[in-house]
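One structure below.
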Amino acid sequence: MQSFDEIYERAAARRGGAEALEAAVAEFPSKRPDELAAIPDDRWLAEMTRGVFRAGFNWRVIENKWTGFEAAFHGFDPPLNAAMSEEEFDAHLKDTRIIRNAQKVASVRANGQFLVDLASEHGSAAKFFAAWPDSDFVGLLDVMKKRAARCHGETAMRFFRSMGKAAFITTRDVSAALIEAGVIDKPPSSRKDLQAVQVAFNGWSEATGRDLTALSRVLALSTGPVYGPEGQMGRR
């Protein structure tokens, strides 16, 4: 398996130098566990919903309607959405302030209940997410697959990244870097593949002191276009 130093050098060369690479990595800072635990649960439901509705849809349309989403779903208060009646559900399907997709609207109710359950079990959903160890991020993805609605796989990875929890995202570029590094031999599609990715990230994190997000960003940038010293795109 390649060392992280080799991957970093390749990413720096493509990005136009180590300084430019570090600036790109710093665009996605992670929060400390205490900062994550302090985020209200309604913001976790809001971001879950954003990710669910973005999946397979034009992101710009979702952003343009987001004020309407906030109003329609009561500021994403988990108990209120968990208690969504059938009458309210039907009203949502006629509400032009949001995207009227029945399965995705239903996910707001289901995920509201999921967060209510986490709050009952752990004091708040935020505390549960904040306390989960980065070294078992794959385990957290399993929780999302089993207990959350329509928020699993890459959608869940992006959800955690957007909230500031350290996360790798197995995008096409990251997967290509992992294959080149000898971690996996194809884009990850199974629990076994993801566990191999987790082991590699844990090793690189221990060796470099970087978190999952920073490592994932370096890998993503190690397979993209080659940039010149002034940032111009050059030959691959």
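When Ala11, Ala26, Ala37 are screened for being closer than 30 Å to Gly209 by Cα and outside the structural domain of Ser175 (by TED's automatic domain parsing), only Ala37 passes. Please tell me if Asn58 is polar (S, T, N, Q) and without any contact (Cβ under 8 Å) to a residue 40 or more places away in the chain. Yes, satisfied.
Candidates in the range 170-225 are the residues that are touching a Ser or Thr at 6+ places or on another chain (Cβ under 7 Å) and assigned to a loop (DSSP other than H, G, I, E, B); of these, the one that is surrounded by the fewest Cβ atoms within 10 Å (Cβ to Cβ) is Pro187. Only residues that are within 27 Å of Leu215 (Cβ to Cβ) and not in a helix (DSSP H, G or I) were counted in the range 104-149, giving 3.
Taken as a whole, the structure leaves Glu154 outside the set of residues that are without any contact (Cβ under 8 Å) to a residue 12 or more places away in the chain, over 15 Å from Ile39 (Cα atoms), part of a helix (DSSP H, G or I) and not polar (S, T, N, Q).
Of the set (1) of a type outside the set (S, T, N, Q); (2) closer than 26 Å to Asn111 by Cα; (3) in contact with a Ser or Thr (Cβ under 7 Å, 6 or more places away or on another chain), all apply to Cys151 but (3).
Considering every residue within the range 108-127, establish whether at least one is of a type in the set (S, T, N, Q) and free of Cβ contacts under 8 Å to residues at least 40 places away in the same chain. Talk me through it step by step, then tell me what you get.
Residues of the range 108-127 of a type in the set (S, T, N, Q): 111, 113, 120, 124.
Going one step further and asking which of them are free of Cβ contacts under 8 Å to residues at least 40 places away in the same chain, we end up with 113, 120.
Yes, there is a match, as at least one residue in the range 108-127 is of a type in the set (S, T, N, Q) and free of Cβ contacts under 8 Å to residues at least 40 places away in the same chain.
How many of the residues making up the range 81-99 are surrounded by 15 or more Cβ atoms within 10 Å (Cβ to Cβ) and within 26 Å of Ala119 (Cβ to Cβ)? So the answer is 6.
Out of the range 94-103, which residues are part of a helix (DSSP H, G or I) and out of contact with any Phe, Trp or Tyr (no Cβ under 9 Å at 6 or more places or on another chain)? So that I can check it myself, show each step before the final result.
Pass one, the range 94-103, residues part of a helix (DSSP H, G or I): 102-103.
Answer for the range 94-103, where residues must be part of a helix (DSSP H, G or I) and out of contact with any Phe, Trp or Tyr (no Cβ under 9 Å at 6 or more places or on another chain): just Gln103.
The values are calculated or read from the model by the stated rules, or taken from the named source; none is laboratory data. If you're wondering where the values come from, they're calculated on a predicted model, not measured in any experiment. Using ideal geometry, Cβ is built from the backbone for each residue, glycine included, and neighbour counts are taken over all protein chains shown.
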